[in-house]
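A short worksheet on the structure shown next.
The values are calculated or read from the model by the stated rules, or taken from the named source; none is laboratory data. Predicted model, so just to flag it, every value in this text is computed and none were measured. Here Cβ is always computed from backbone atoms with ideal geometry, including for glycine, and neighbour counts include all displayed protein chains.
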């Protein structure tokens, strides 16, 4: 091959340069298109990273210990596989013992059985962490609670060991009066709120900086707890209760009680059970939004949280049939006028302030 034959003429050289430029522009276009495909569209980030949720009351211990459920699948309302994409980063697990198991009230042996079962399930069910405030990316923090604590009436000092095990709130009573307090479920109002044993246990809990949960307490008991809370500086909470002004049920709280709980620095977790949301018809997502907005107006946004009562034999609105409804609830609250920061407070930050002292 001669030098002349291997050297392109001027026209051929121009065509080659033009082709190279076109190839370069085409490559650049493909790169930009690939980048744009990988970038989230406007609003997609909210879908991929939902607002973090800390649920103040989920009855997984009851479901596992007494209803043959599992922490992995539950009844379908709080399945482990849906937690991450629903935004769940924390959950309070009450060591509840039903009357069918302990007609005279729960015993310490019942609490021990429930506790061992819960720890076993947490240890083998991702993404759950052991009870405590340690935060690990991609995992769900857990906290323990009591819902009906009559066993402590005779030995309040035993509360200390349970706080060491991860108990972060104390519900004195459930659906009927016990040795500690009267209940909102008593067929006839009792002539007392807290008993002497109840007051002694509340004071011990407050020394341990553990808030009292008044969700099942009678109006008199709520009044007594708030008085002790104001004296100690430890907040009063209602982990899964709604507004009585919107649904006239004794399990719900009056506006006066809501303001009183807020005055202690406490929080109220909105319950998803239809009976506590509305009377005379099945509840909808709009009813949950109405309760949240009412609580915000009466108590203040810093004092509202989520306490779904999932896994507690509840009938939630269809749109909140399971944890997958949390992102939609967040969107509807923003549509109702709350800022995204307000929704973050309600969904997790207010709860973490009480549970872990986080601001």
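Scanning the range 193-212 for residues that are without any contact (Cβ under 8 Å) to a residue 40 or more places away in the chain, buried (at least 24 other Cβ atoms within 10 Å of the Cβ) and closer than 17 Å to residue 266 by Cα yields a count of 1.
The set of residues in the range 324-356 being in a loop (DSSP other than H, G, I, E, B) and without any contact (Cβ under 8 Å) to a residue 12 or more places away in the chain consists of 339 alone. For residue 134, indicate whether it is in the same structural domain as residue 179 (by TED's automatic domain parsing), in contact with a strand residue (DSSP E or B) (Cβ under 8 Å, 6 or more places away or on another chain) and in a loop (DSSP other than H, G, I, E, B). Judged against the criteria, residue 134 is a match. In the set (1) touching a helix residue (DSSP H, G or I) at 6+ places or on another chain (Cβ under 7 Å); (2) in contact (Cβ under 8 Å) with a residue 24 or more places away in the chain; (3) more than 14 Å from residue 60 (Cα to Cα), residue 98 fails one condition alone, (3). Starting from residues that are closer than 16 Å to residue 141 by Cβ and out of contact with any helix residue (DSSP H, G or I) (no Cβ under 8 Å at 6 or more places or on another chain), keep the ones in the range 56-80 and report whichever is surrounded by the fewest Cβ atoms within 10 Å (Cβ to Cβ). It comes out as 80. Scanning the range 111-138 for residues that are touching a helix residue (DSSP H, G or I) at 6+ places or on another chain (Cβ under 8 Å) and within 25 Å of residue 172 (Cα to Cα) gives 111, 113, 114, 115, 117, 118, 130, 131, 133. Filtering 347, 326, 276 for residues that are over 30 Å from residue 134 (Cα atoms) and buried (at least 21 other Cβ atoms within 10 Å of the Cβ) leaves a single hit, 276.
Evaluation of residue 246 against the conditions (1) more than 18 Å from the chain's Cα centre (by Cα); (2) on the phi > 0 side of the Ramachandran plot; (3) crowded, with 18+ Cβ neighbours inside 10 Å shows that the sole unmet condition is (2). Inside the range 81-110, residues that are surrounded by fewer than 16 Cβ atoms within 10 Å (Cβ to Cβ) and assigned to a loop (DSSP other than H, G, I, E, B) make up a count of 7.
When the residues of the range 149-169 are filtered to those that are closer than 17 Å to residue 118 by Cα and under 22 Å from the mean Cα position of the chain (by Cα), which remaining residue is surrounded by the fewest Cβ atoms within 10 Å (Cβ to Cβ)? My answer is 164.
Filtering the range 303-323 to residues that are in a helix (DSSP H, G or I) and surrounded by 17 or more Cβ atoms within 10 Å (Cβ to Cβ) leaves 303, 320, 323.
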